[in-house]
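The values are calculated or read from the model by the stated rules, or taken from the named source; none is laboratory data. The shown structure was predicted, so the numbers you read here are calculated from the model rather than taken from an experiment. Here the Cβ is made from the backbone with ideal geometry for all residues, glycine too, and neighbour counts use every protein chain on show.
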Amino acid sequence: MSRRLLESMAIPAELQVSPVMLAESVSEAFPVMSIVGGRGEQELRFVSPATLVVVISATAVECYEEPLPPPEEDAEGYEEEDEDFVEDEDEEDDDPLSTAQDILGHVSGLLGLDEEEEAPDEPTPDDAADRRAAAIVAALLQEGLLELVTPRSRPQVEGRLAHLLAHGMHDAGALAESIADLSGVAEFYADDAQMAAVLAKARRG
């Protein structure tokens, strides 16, 4: 089946992204039916829209529209039932172009490519909060309690944490939850006790 390119987005080489990690993030946000490929490239197919195919590599995200194959004739009468099913499914299908744009927006936010536009909305924390946030993130990374999507995600995490600290949030559980919810965070392993220990260590430092 021939594919038609709908949308594409280049990924800056300096980000050194993992196609596997990006594919997993997309699958958590959109109804993905299958993911195939290796470390160098991941190909995603969707439950809806079924005609959408997304190919993720370390340098680009490409969204294609690929026509569905005709239904198979397994037995007498089955083809007609399959056609009815496909027709009903198509009526409920999301628009491939719209979904492709949403996926590119998701990946762009995940990689921090749109952070510069969002930055003015965030109040600037004080220097002490900046330093403490940087120390906390460094400790989390050093102890293997935090995994980032890309190295470029680190300023996003530090900035969010500094903002919370500057506004008086010091509860370990609340801070941990806020960090874990960030788009630039791939995995966050610290429980409340571990987070409290990291906060105490950063405070002493």
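Any residue at all in the range 167-174 that's within 21 Å of GLU14 (Cα to Cα) and either in contact with a helix residue (DSSP H, G or I) (Cβ under 8 Å, 6 or more places away or on another chain) or hydrophobic (A, V, I, L, M, F, W, C) (or both)? Taking every residue of the range 167-174 in turn, none turns out to be within 21 Å of GLU14 (Cα to Cα) and either in contact with a helix residue (DSSP H, G or I) (Cβ under 8 Å, 6 or more places away or on another chain) or hydrophobic (A, V, I, L, M, F, W, C) (or both).
Would you please name the residue that is surrounded by the fewest Cβ atoms within 10 Å (Cβ to Cβ), looking only at residues in the range 129-186 that are closer than 18 Å to SER18 by Cα and among the aliphatic types (A, V, I, L, M)? Within the range 129-186, the match that is surrounded by the fewest Cβ atoms within 10 Å (Cβ to Cβ) is LEU141. Exactly one residue among ASP114, ASP130, ASP74, ASP95 is among the acidic types (Asp, Glu), at pLDDT 65 or above and in contact with a helix residue (DSSP H, G or I) (Cβ under 9 Å, 6 or more places away or on another chain), and that residue is ASP130. If you go through the range 170-200 and keep only what is closer than 19 Å to ARG132 by Cβ, modelled with pLDDT under 85 and among the hydroxyl-bearing types (Ser, Thr, Tyr), you end up with nothing.
Determine whether GLY105 is within 30 Å of VAL61 (Cα to Cα) and modelled with pLDDT under 90.
no
Conditions (1) free of Cβ contacts under 8 Å to residues at least 24 places away in the same chain; (2) part of a helix (DSSP H, G or I); (3) closer than 15 Å to ASP102 by Cβ, marked per residue:
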| site | (1), (2), (3) |
| --- | --- |
| SER25 | no, yes, yes |
| MET33 | yes, no, no |
| ARG39 | yes, no, no |
| PRO49 | no, no, yes |
| VAL54 | no, no, yes |
